[in-house]
1. Pick out, from SER144, PRO120, GLN108, the residue whose Cα sits farthest towards the positive end of the charge dipole of the range 105-148, with +1 on the Cβ of Lys and Arg and -1 on the Cβ of Asp and Glu.
2. With a 10 Å Cβ neighbour count serving as the proxy for reagent exposure, in which order, fewest first, do HIS53, HIS45 appear?
3. As a footprinting exposure proxy, order LEU70, LEU84 by other Cβ within 10 Å, with the fewest listed first.
4. Of TYR30, TYR107, how do they rank once you tally other Cβ atoms within 10 Å and put the fewest first?
5. Per 0.36 nm of contour for each residue apart, how much would the distance between ARG88 and HIS53 grow if the chain were fully extended, relative to their Cα-Cα spacing?
6. Would you mind computing Rg(Cα) / (2.2 N^0.38 Å) for the range 9-90, counting N as its residues?
Amino acid sequence: MPTEPQTTPSSQEKLAFAKRLEDAMLAAGYEPKPAVLEREFNTRHWGKPMTLHGVRRWLRGETLPPQDKLRTLAQWLKLTPEELQFGRDMAHRVESPRHRWGAEIGYQDRELFEAFLKLPVPQRRVVREVILALTLAARARQDSNGGD
């Protein structure tokens, strides 16, 4: 029984992905640094967390993320996994909500977000789940009241 040939990504593909990842992070308002990528990725991914060394290898074009991690990255950066993996023009992206926060939120909310970001990843996940549960409950309550 013949087996399909294994195709491994070329170093050019890995470097192109690293450039797209860096560009997407910048477009979303994040510094393309390993520590930032590790923090932001691990707060969103429910699987095995990435190490600083692992995300550094993505940014250097040494490795590519597996599909589950690529999906998490794409969702965070507001791209499709295909766009992140294979590319598209990043110039037409709309401004990230992160850029609007300065004008839309007060200092107490900014302090809250900063405190949240200083929490360890497991605690941030708990806080996120509580917020999402409260949001769903409020939406359900609003729906049951006829949208008031």
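Quick note: the coordinates plus some simple rules give every number you see, no bench work behind them. Quantities reported herein were computed from a predicted structural model and do not represent experimental measurements. For neighbour counting, all protein chains shown are included, and Cβ atoms are generated from backbone atoms with ideal geometry for every residue, glycine included.
1. Of the candidates, PRO120 comes out farthest on the positive side.
2. HIS53, HIS45
3. LEU70, LEU84
4. Ordered from fewest to most neighbouring Cβ atoms within 10 Å, TYR30, TYR107 come out as TYR107, TYR30.
5. 9.9 nm
6. For the range 9-90, the normalised Cα radius of gyration comes out at 0.95.
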